[in-house]
Amino acid sequence: MSELTFVHSAYWIPGLIAAVILFVVFVVKEWPRRSSSFVLRLVAGLVAVMALLAIALKPAQWSLVEGKQGVLLTSGYQEAQLDSLRETNPELKELVYQDHIDRDELDSISQLFILGSGIQPYDFWQLEGRTVNLLQTEIPDGIDQLKYSKTLAEGEDLNLTARYTKPKPGNQIVLQAPGNLGLDSIKFTSKADTVFSLQATVKAPGDFVYTVAEKDSLGTLVNNQPLPVHISPEKQLNVVMLSAFPSFEFKYLKNYLAELNHQVLVRSQLTQGRFKYEYFNQERKSFNALATSGLKDLDLLILDAGAWQSLSRNEQNSIKEAVTQEGLGVFVMPSEDLFYGSQPLIDFKFTRTAQTEVELQDGTVVSTFGYYLDPATNFNATLKSGNQILAGQRFLGFGSVSTTVLSNTYALQLKGNQERYNRLWSALLTSVLKPESDVVFWEERGGIGTPNEPYTIKFRTAVSEFTLTDTDGNSIPVIQDPDIPELWLATFYPEETGWFTLRFSTGDTVSEYAYYVFAEVDWKARAAQGLTKANQDFFRKGDAEVEELQVKRPINPIYFFVLFVLAMGYLWLEPKLQS
């Protein structure tokens, strides 16, 4: 026997309360004029109320759907795959995905195939609990993977690493500044998928759109993709480095930061109670960097696990307060103590691996400690090799703590790869730097935002009274994270392409966040790759056995309407017959 349920089962409690109230009102109204037909009138009133409740809740029966298959056609699907499915199942139900899913059409399907790049992430919830097979699809030729820093400081290098699938030999990729000024280029020599890097120095602050242009062997433009970059005025960072013992890794890193003209103070422990101090781009002074006043001026603190253990309890508490309240960034240099002993500030989770060397996306081979990072709550992966996380950042209050599993990166310099060393450490340290604003910290958003699609941005703030507005001054609603009070989320729908600004206002303080909206035709291969990966991650169990599917089959509401009409007809006609 089919089990009885309701289509609107979530509303049965308020519906029942409303029905009881309505029936009580009817009884109160009927009570003063009781007659011999009083009981029959109460029964008729009850039938009428229950009929109304049934019409509102829509009673239904669970019905078993057996063996029916369907296919959801998304952008970039291949006709050959569709023809193959049609041959195996002539009764295959075909649905076309146009940025929304009609759930009623899915009710008769027990197994669903998805062809093409997949559905948008905001529609994932509609396929939860269903048996879904995501069939492999071909990504369009072009740049399907791209990594670069969207926010730079004046004078820094713009380092771009990308992968081009199935390039045409003889074609070249050119990194162009605004005005189509060529800055760097590479030329394809084979049809094999190619990973390449381009570099240029940014020289002026502002919001710019660089371009990645593809040209054929004759110099004719094949396509042109926008590369938005926000460049802030040059800033000299204040960095403190603490090490439990001198090491080559610390030595080369301090030299790299000093060459960028940052103020660097290094304290290396020689023996118990004895330290060596080094000052770069600043005058020598008494060491008070770990006092509350000294920590307020820091942009970045770099230390190893041994140095953390040697600090006093008061110094550790001061650092933690500076991270949570002032937004200080802390980078923990990896060592054996990090993997076996207690960790500074936050416990990162690691997985042991026999692999001690990895190849980064740009082809750089680096050593590791034989671990990779496990993702966790409030976690941001800052460096990956395939599916392995090599560096990660966890937020702590208004600031963050970051670390890596890489080891002996200075070997890159010894081999003459100075640029790759600089590019690597720039990627590792940039995300953990103290935010420019001391009121709000904007989290970098991944993906490609396009018009009329949801654009979500996360930010952190310690204040509770503020407003968030767009470029036109329209207020944007925000949601506070229930578990992390300082984390907020805003979702809106941009209508046009180009650079736009969000304004965070509280009292006399205003902080702005610049974001770029791409056109739908931009970065087609990259967008398809990102969408496909998101679908693959969500539908991990696509090869599971087909399960029996039960759907709600509503009972025809005409039956309840007839009952309601008959009951109301009796209540109207009965007094007239009595008279």
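Among the strands (runs of 3 or more DSSP E) confined to the stretch 163-225, the ones with at least 2 residues that are touching a Pro at 6+ places or on another chain (Cβ under 9 Å), open to solvent by less than 40 Å² (accessible area, probe 1.4 Å) and not assigned by the TED database to the domain that holds Thr501 are located at 206-215. Selection within the stretch 50-85: residues that are more than 15 Å from Leu106 (Cβ to Cβ) and touching a Lys or Arg at 6+ places or on another chain (Cβ under 7 Å). The member of this set that is modelled with the highest pLDDT is Ala60. Counting only strands (runs of 3 or more DSSP E) that sit wholly inside the stretch 361-403, those with at least 2 residues that are over 30 Å from Thr165 (Cβ atoms) are 388-396. For the stretch 103-115, does any single residue satisfy the condition of being open to solvent by less than 20 Å² (accessible area, probe 1.4 Å) and part of a helix (DSSP H, G or I)? For the stretch 103-115, residues open to solvent by less than 20 Å² (accessible area, probe 1.4 Å) and part of a helix (DSSP H, G or I): present.
Suppose the filter is within 31 Å of the chain's Cα centre (by Cα) and within 20 Å of Arg394 (Cα to Cα); does Lys296 pass it? The answer is no for Lys296. Number of residues in the stretch 298-319 that are assigned to a loop (DSSP other than H, G, I, E, B) and exposed (fewer than 13 other Cβ atoms within 10 Å of the Cβ): the value is 1. Looking only at residues of the stretch 5-49 that are under 30 Å from Ser108 (Cα atoms) and in a helix (DSSP H, G or I), we find that the one that is least open to solvent (accessible area, probe 1.4 Å) is Gly15. Condition test on Ser247, is it surrounded by 15 or more Cβ atoms within 10 Å (Cβ to Cβ), out of contact with any Gly (no Cβ under 9 Å at 6 or more places or on another chain) and more than 27 Å from Lys296 (Cβ to Cβ)? Against the criterion (surrounded by 15 or more Cβ atoms within 10 Å (Cβ to Cβ), out of contact with any Gly (no Cβ under 9 Å at 6 or more places or on another chain) and more than 27 Å from Lys296 (Cβ to Cβ)), Ser247 qualifies.
The set of residues in the stretch 50-63 that are of a type outside the set (Gly, Ala, Ser), open to solvent by less than 20 Å² (accessible area, probe 1.4 Å) and touching a helix residue (DSSP H, G or I) at 6+ places or on another chain (Cβ under 6 Å) contains only Leu57. Restricting attention to the stretch 86-105, the residues that are within 29 Å of Glu453 (Cβ to Cβ), out of contact with any helix residue (DSSP H, G or I) (no Cβ under 9 Å at 6 or more places or on another chain) and at pLDDT 80 or above total 2.
Lys434 passes every criterion in (1) touching a Ser or Thr at 6+ places or on another chain (Cβ under 9 Å); (2) in contact (Cβ under 8 Å) with a residue 40 or more places away in the chain apart from (1).
The values are calculated or read from the model by the stated rules, or taken from the named source; none is laboratory data. Everything quoted here is computed from the prediction, not taken from an experiment. A quick note on method: Cβ atoms are made from the backbone with ideal geometry, for glycine too, and the neighbour counts reach across all protein chains shown. Accessible surface is based on the protein model in full, side chains and every heavy atom, while ligands, DNA and RNA are left aside. Shrake-Rupley method; radii C 1.70, N 1.55, O 1.52, S 1.80 Å.
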